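The values are calculated or read from the model by the stated rules, or taken from the named source; none is laboratory data. Predicted, not measured: the structure shown is a model, and the values here were computed from it. Quick reminder, even Gly has a Cβ in these numbers, built from the backbone with ideal geometry, and neighbours come from all protein chains shown. Heads up: the accessible areas ignore ligands, DNA and RNA and are worked out on the full protein's heavy atoms, side chains in. Shrake-Rupley method; radii C 1.70, N 1.55, O 1.52, S 1.80 Å.
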Amino acid sequence: MKMRSQKTNRLITRILIYLVLILALVYTLIPFATILLTSFRTAKDAVRGPFTWPKDWNIVGNYIEAWEMGQFSRYMLNSLYMMVLTVVGTLVVATLAGYSFAKFRYPGKNAIYYILLIGMMIPFQSIMLPLYFTLKSMGLLNSLSGIGLLMIGTGEGFAIMMMRSFFIGIPDSIIESARLDGCSEIQVLVRVVLPNTFPAWTSLVVITAMGSWNNLLAPMMYIFSQDKYPVPYALYAFQSAHTTDYQLLAAGMMISIVPIIIVYVMFQSSFQNGLMAGAVKG
Amino acid sequence: MKKRTIAILMTAAMTASMLPGTFAGAEEQTTITIWDTFIDGTLGAAMSDIVAAFEEANPDVKVERVPKELTALSETLKAAFMAGDAPDIVYLEAGIGTAGNYVQAGYYEDLTAAYEEYGWKDSLMSACWEIPSADNFIWGVGNEMETMSLYVNQDIFDELGLDQPKTVEELTADMQVIKDAGYQVLANTLDSSWSNNMNFIGTLLYAYMTQEEIGDVMNNDGSWDKESVRRAVACITDWLDKGYFPEHPEVDGDQEQMYFSGNTACWVTGNWEVGNITERTEFKTSIYPFPGSETCADGGSQVNFAGGAYLVYSGSEAKDAAYRFIDFSISNPDTAKTWAEVGGTMPPYTKEYEVELSDLAERVVELLGDETLQNTAGINMWLGTNAFDFFSEAGQKLAIGALDEDSFVAEADAAKNKDVETGLTKGSFKINR
Amino acid sequence: MRKKSLYRNQIIMGYVLLIPAVLFFAVFFGYSLVQAIHYSMLDWDGVTKAAFVGLGNYRELFTDPVFWKAFVNNIFYTIGILAFGVLPGLALAYILSRPYIKGRTLFRSVYFFPRIISAVVYGAVWKWMYDPRNGLLRLIINLFGGDGGGFAITGNVKTAMLGITITGGWTYFGFCMVIFIAAFMGTNMELEEAAKLDGANNWQTFHRVTLPQIRPVINMVLVYTVIDCFKVYDLVLVMTSGGPNDATQIMTYYIYKQAFTFNRFGYGSAAAIVLGIFMVAFTVIYNATLGKEEL
């Protein structure tokens, strides 16, 4: 008797849980579905409104038109370059610094930590103009590398914070024993600490990549040549030129979203592997 | 050995002499940079065509064109001026609110002499220099002539037996008829977009204010507290109360969508919509000058804009080349044709040129050239920064009831006074010479 | 002897590890920040001559009602995001980290999608959804027999901020979930097993055993959320531009408007500095009190 009610309880809970998960899924996907649907409509039909049921279909046409008009291939390469630069740079900088803050003691540590965090707190608008001069003096104006690098500088606050909290979670004992075994600090870093950081890295990579890909303000300010624009800026310009061509807009949005989704899904698998390894270590 | 060396030397010499201009005393090539706001679309295409045509006709000048989105351009311009490497020509909105402080700081060149030299005052519409000027300093050459008008779905008007409204009061009566018949009356929203607010309010204001009153506020920093202004605001409030606006006009809405759907009878908008209307609607549209009020002594004025203007950087080292480019681009029948046909906009060129226009576009040209209508620069063109900001939101505030006649006038004047303090109104503008 | 040199090595290593971070910060951020502080004490329009006004800008800030409205709005937004974003994220992460849930990868991947796209895109779509004339909300309410046309979310002074917050939450919960999942995966399952055997029910296990283990991560997320919420910009710009009638005015938009629309560069910089100081103060105070970690 007791066992049965326990089983049904569990069943009910499971069903409820799945219900919640599915509702959340729907909630997440509705806007995407809207964009997708709208991108398949004809111009005249789309004018009726994004939530009217389509009468006319134009499945591929909008995409072709948007792709050509928007010159997305070029812009995607630009975004990709910038993104890789920022992600790699941020990973390196944040891992080293996070490790330092989490596992070492030295005078002024907290002060330096807070100063670096300040980078996160000041909105970009306030340093926008002085930054122009800095970039100019370094010859990094109108250059994707310049923006990639500056994003490391402005984005490292969060990355460091995240790596630091992650490293705090790693027990000191592992590191101590490595040191006692005679490893130099560098060896400790490479052999003991780094292999454990993959779960955190995957999240950080994804987050930094997104931040870099979607950055609108910095490229708007510092890039002048049309062929160097990254994707969001291209999309923004596309929008201003075609305000009510909903179906084109939607197609353009889809084009700019799909690569990121692909990247994300790709990372999901290594994400999972990293997590499994982390869980086993427990 | 010797033969070989000689052969090599000869080949080198021949190749070198074939390189254009290496030995023959090359013509000096000047490069001018121009920043504009045409990032895409028809205007971008028109500008590119014009640049190419100019370079062909003037091989000694190379034009480097950098299109940028409007906000980005304004901000980078600031930094560029401070760093001393601004472009030779900037194409931008050039009302006193936008360009005034740069002029005062001495970054823009006074073009009065250029106007004389190239005779622009004879070949271009007066708005071109009236808008970008104050205190006898002309800082720009206007382009993209635009005018606000009353656009109506003529099919609906015919069906309901309505004629062209000659006064605002007649229009109001027509609107009730339209509403009773079950159609949407206006396609205008008064939402968060500054242009939706300013264009509409500006047009209504000019329907009630006389030329004298407009001049008073525009040029002499006069007060907004005038009977005519109050009446205009009352009219807007009246239309709001009677439901002539779309439901919830304060929420961002798509005016084009509303009008193109064929269900809306009237739209207060400008000639930039002509291309879209021709392409995407199937009903007949008529363009009427916006009617003045019965209470207005001189029958009201029509709102005109210059969508953009050419400005020349005072520190440019290629000013002559810059002037030649501007002249070519604006005061020339071929480029006027390009602006109209490729760009879909109204060039300010007043002399004859060959062009094929759609019916609606021809109608606009008619209206712009009509001497009986009082074509005047709209408020967008001469308001100072604080006033500009006030009017950008005033429509939405009226729609949600956060403003009434009295507070409207009070806040407008307060904003104007702030602008006078900073010297950015036509009346208070002073250049240190 | 060995201990001493080990200890010194550690200190050196500690500093060396910081070099790249500090370098990037100083070059791309620190210098500009110092400049901004300098600007904040000027009465300057960015173009003409500047006049030194010391703390005058700051004094004016504190008497500007719009400034305070923006501040309050940011606080409202932060609380809203905590409710609509962080809490659901935590809950979902917990659920998804349980071994018996199927389809985990699918759920995880999809929930994160909103964070991927830029505000320009999702702001526009949510605006469509909120539209009282042909929006999704109206459709749904009409389906249930109500009058959807009455709900002007972004047009109503009272509900505009809420509308924006819900949209913000929609992008946020997936993001929190990802972080919390990594955290939960690092917790010790054995401890939970032991607690259950000792007779604890699910809630007690969660509250007393699992949660404390991810305390550092929770702290980090909280601090990050507050800071991020005070920096919100794109979303508000796309959806309401700070209106109607300043109902959705926020700090960053206020700064931008003062500096670039009204050409009061010094004043805008002052507002930016105040914002920065506030966030620094918050972080310091939080870490010293509620977020105290046992290191």
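Can you list the residues of the range C:16-44 whose accessible area drops by at least 30 Å² going from the chain on its own to the full set of protein chains, with a 1.4 Å probe?
The answer is C:L17, C:L18, C:P20, C:A21, C:F24, C:F25, C:V27, C:F28, C:F29, C:S32, C:L33, C:Y39 - residues whose exposure falls by at least 30 Å² when every protein chain is included.
Taking a probe of 1.4 angstrom, what is the accessible area of C:K102 in Å², to the nearest 10?
Spelled out: C:K102, probe radius 1.4 Å, area about 150 Å².
Under a plain spin-label model, where a point goes 7 Å from the Cα along Cα-to-Cβ, how far apart in nm are C:L191 and B:D155?
7.1 nm
Please go through the residue pairs B:K226/B:K426; C:K69/C:K231; B:K351/B:K426; B:K242/B:K418 and name each one whose alpha carbons sit more than 23 Å apart in this structure.
B:K351/B:K426; B:K242/B:K418
Can you tell me the accessible area per residue over chain B, all protein chains present, probe 1.4 angstrom, in square angstrom?
Here the residues of chain B average 40 Å² of exposed surface.
Tell me, what is the percent relative contact order of chain C, built from C-alpha pairs under 8 Å that lie six or more residues apart?
For chain C, the relative contact order is 28 percent.
What's the local net charge at B:L311, with K and R +1, D and E -1, over the other residues with C-beta under 13 Å away?
-4
Counting pairwise Cα distances across the range A:71-241, what percent come out greater than 19 angstrom?
Percent of Cα pairs beyond 19 Å in the range A:71-241: 61.
Ordering C:M279, B:M125 from largest to smallest accessible area (1.4 angstrom probe), what's the sequence?
The residues order as B:M125, C:M279, largest area first.
With a ≥ b ≥ c the root eigenvalues of the C-alpha gyration tensor of the range C:56-288, is it rounded (a/c under 1.5), prolate (a/b larger than b/c) or oblate?
In terms of gyration-tensor shape, oblate.
Can you tell me what the convex hull of the Cα atoms of the range C:1-126 projects to on average, as an area in nm²?
That works out to 16.7 nm².
What does the charge count around B:W194 come to, taking other residues whose C-beta lies under 11 Å from its C-beta (Lys +1, Arg +1, Asp -1, Glu -1)?
Net charge in that neighbourhood comes out at -3.
What relative contact order, as a whole-number percentage, does the range C:114-164 give when Cα pairs under 8 Å and 6 or more residues apart are counted?
About 23 percent, as a whole number.
Over 29 Å, how big is the tail of the calculated P(r) for chain B, in percent of all Cα pairs? Write out the running numbers ahead of the final one.
Numbers: 47040 of 93528 pairs.
The calculated P(r) of chain B puts 50 percent of pairs beyond 29 Å.
Given the whole protein assembly as supplied and a 1.4 Å probe, what does the accessible area of C:T78 come to in Å², nearest 10?
About 10 Å², ignoring ligands and nucleic acids.
Ratio of the range C:128-216's C-alpha Rg to 2.2 N^0.38 Å, to two decimals?
With N residues counted in the range C:128-216, Rg over 2.2 N^0.38 Å equals 1.75.
Roughly speaking, to the nearest percent, how much of the range C:194-266's 1.4 Å accessible area is carbon and sulfur?
Working: 1410 of 2670 Å².
Here it works out to 53 percent.
Using only the heavy atoms of the protein chains and a 1.4 Å probe, how would A:W57, A:W213 rank by accessible area, largest first?
A:W57, A:W213
Report the A-C buried area as the accessible area lost on both sides summed, probe 1.4 Å, in Å² to the nearest 100.
For A against C, buried area totals roughly 8500 Å².
Given a 1.4 Å probe and every protein chain left where it sits, what share in percent of the accessible area of the range B:274-433 is carbon and sulfur?
44 percent
Within 10 Å of each Cβ of A:100-107, how many other protein chain Cβ atoms are there on average?
Counting other chains' Cβ atoms within 10 Å and averaging over A:100-107 gives 5.
Could you work out how much longer the chain between B:E362 and B:V66 gets when fully extended? Use 0.36 nm per residue separation minus the Cα distance between them, nm to one decimal.
103.4 nm
How would B:D191, C:D198 line up by accessible area, probe 1.4 Å, largest first?
Result of the area sort, largest leading: C:D198, B:D191.
Over chain C, with the other protein chains present, what is the accessible area per residue in square angstrom, probe 1.4 angstrom?
Per-residue value: 43 Å².
In Å and whole numbers, how far do the C-alpha atoms of the protein assembly as shown stretch along each principal axis, longest first?
Sorted from largest, the Cα extents of the protein assembly as shown read 100, 95, 62 Å.
Accessible area of A:M221, 1.4 Å probe, to the nearest 10 Å²?
The accessible area of A:M221 comes to roughly 0 Å².
Tell me the carbon and sulfur percent of the accessible area for the range A:71-241, rounded to whole percent, probe radius 1.4 Å.
65 percent
In the Gaussian network model of chain A, springs joining C-alpha atoms below 10 Å, which of A:L131, A:L204, A:L117 carries the largest mean-square fluctuation?
Maximum among the listed residues: A:L131.
At a probe radius of 1.4 Å, figure out the C/B buried accessible area, summed over both chains, and give it in Å² to the nearest 100. It would help to have the intermediate numbers written out before the result.
Working: alone 18110 and 19550 Å², together 35390 Å².
When C and B are taken together, about 2300 Å² of accessible area is lost.
Let me know the mean shielding of B:81-87 by other chains, meaning the per-residue number of their Cβ atoms within 10 Å of its Cβ. Please report the intermediate quantities before stating the final value.
Numbers: counts 2, 5, 5, 0, 2, 0, 1.
For peptide B:81-87, the averaged partner shielding equals 2.
Mind running the shape call on the range B:288-433? Use the C-alpha gyration tensor, a ≥ b ≥ c as the square roots of the eigenvalues: rounded below 1.5 for a/c, prolate if a/b tops b/c, oblate otherwise.
Here the range B:288-433 falls in the oblate category.
What is the interface area between chains A and B, defined as buried accessible area summed over both chains with a 1.4 Å probe, reported in Å² to the nearest 100?
Working: alone 17240 and 19550 Å², together 34740 Å².
Chains A and B together bury roughly 2000 Å² of accessible area.
Taking a threshold of 28 Å on the Cα-Cα distance, which of the pairs A:K44/C:K127; A:K136/C:K127; B:K62/C:K49 fall above it?
A:K136/C:K127; B:K62/C:K49
Hey, what number do you get for the protein assembly as shown at 222 nm if only DSSP H runs of n ≥ 4 count, each worth -39500 (n - 2.57), divided across all residues, to the nearest 500?
Mean residue ellipticity, 222 nm, calculated: -19500 deg cm²/dmol.
Kindly rank C:173-185, A:97-109 from highest to lowest mean number of other beta carbons found within 10 Å of each residue.
Numbers: C:173-185: 24.8, A:97-109: 19.2.
Ranking the peptides C:173-185, A:97-109 by packing returns C:173-185, A:97-109.
Give the Cα extents of the range C:38-106 along the principal axes, in whole Å, largest first.
67, 24, 15 Å, listed from the longest principal axis down.
Write down the accessible area per residue of the range A:71-241 in Å², having rolled a 1.4 Å probe over the full set of protein chains.
About 32 Å² of surface per residue is accessible.
State, as an integer percentage, the relative contact order of chain B based on alpha-carbon contacts under 8 Å between residues 6 or more apart. Don't skip to the end; give the middle numbers.
Details: 749 pairs, mean separation 115.4, N = 433.
So the answer I get is 27 percent.
What is the mean number of Cβ atoms from other protein chains located within 10 Å of the Cβ atom of each residue in peptide B:251-262, rounded to a whole number?
On the way: counts 14, 12, 6, 9, 2, 4, 9, 3, 0, 4, 4, 1.
For peptide B:251-262, the averaged partner shielding equals 6.
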